Amino acid sequence: MNETTRYLQSLPADHPIEVATLFHCILVDAVRAEACDIHIEPWESTIVVRIRLAGVLQELAHLPLDLMDKLAGRIKVLANLISYQTDLPQEGHVPASPELGGVELRVSVFPTVRGEKIVVRIFDPRNRSFDLAGLGFEEDTLHTLVRLLSRPNGLILLTGPTGSGKTTAIYAALTHLVNRHGPTISISTVEDPVEFHLPMVSQAQINPHKEFTYPRALRSLMR
């Protein structure tokens, strides 16, 4: 029996479900299963909680539909999102803490006709290595990437589906630049959100609600 089911079954019939405890149990189950993300989605008559294992979504729990607003509100508060904003997509970040078991979370909220769908991606900074040579690139590809990173200017596009390793590859490229040049160059990033903190890199997280957008950030950096 998982922690989520154990918590729900332990409650007396007339006892309200504490959404903070509920989300903690969901997170514990996902981390123990080594899931990469959690999907919380309102369906016609229930909330379906699923976790992604080896690329496949598996059901973790079904929750009462009337919990969706409270559960979404709890997750938004953790991710520093606008809790009352329910008609626009939002993305946020929850930094690692002992309460979260040391993992970091990336939260995406997407409005649907039945309510807000929430996807929580799980990152464990303790198990993440930003080493280009350890990412599994073919030798020719790795040499090409390192050669391109040595150029003083240009554009490199890293594309791929969700979970393919885009963020890890980009952070590994930045780490390569830091290791090669040290304090002799200035490195700045514009991200949404900042998923990991890198040494000697000035990382900025956009905030459209406060008019800090990609265009505005890039204009400022290019001056």
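Principal axis extents of the Cα atoms in the range 3-125, from largest to smallest and rounded to whole angstrom, are 40, 33, 27. Residues in the range 113-124 carry Karplus couplings, in order, of 5, 9, x, 8, 8, 10, 10, 10, 8, 10, 10, 10 Hz; the curve used is 6.51 cos²θ - 1.76 cosθ + 1.60 with θ = phi - 60°, and Gly or Pro positions show x. Magnitude of the charge dipole for the chain, about its Cα centre and with charges confined to Cβ atoms of Lys, Arg (+1) and Asp, Glu (-1), is about 800 debye.
Against the main long axis of the alpha-carbon atoms of the chain, helix 166-181 sits at an angle near 40°. Residues whose amide H lies under 5 Å from that of residue 37, counting only those 5 or more places away or on a different chain, are 52, 122; hydrogens are built 1.01 Å from N in the peptide plane. For residue 191, the residues whose modelled amide H falls within less than 5 Å of its own, excluding neighbours fewer than 5 places apart on the same chain, are 204, 205, 206. Candidate cross-link partners of residue 70 among the aspartates and glutamates, defined by an alpha-carbon separation under 12 Å and a same-chain spacing of 8 or more, comprise 18, 116.
From least to most packed, judged by other beta carbons within 10 angstrom and beginning with the fewest, 116, 195, 18 follow the order 18, 195, 116. Along the charge dipole of the chain, which of 186, 40, 205 sits closest to the positive end, that is, farthest toward it, with unit charges on the beta carbon of Lys, Arg, Asp and Glu (+1, +1, -1, -1)? In the chain, that residue is 186.
Candidate cross-link partners of residue 210 among the lysines, defined by an alpha-carbon separation under 19 Å and a same-chain spacing of 8 or more, comprise 76. Taken over the alpha carbons of the range 66-223 as equal point scatterers, the Debye sum produces base-10 log I(q)/I(0) values at 0.16 Å⁻¹ of -1.06. Gain on full extension, evaluated as 0.36 nm per residue between residue 10 and residue 80 minus their Cα-Cα distance, stands at 22.2 nm.
When the Gaussian network model of the chain links Cα atoms closer than 10 Å, the mean-square fluctuations of 153, 80, 179 top out at 153.
Values in this text are rule-based calculations from the coordinates and carry no lab data. No experiment lies behind these values; they were computed from the predicted model shown. For neighbour counting, all protein chains shown are included, and Cβ atoms are generated from backbone atoms with ideal geometry for every residue, glycine included.
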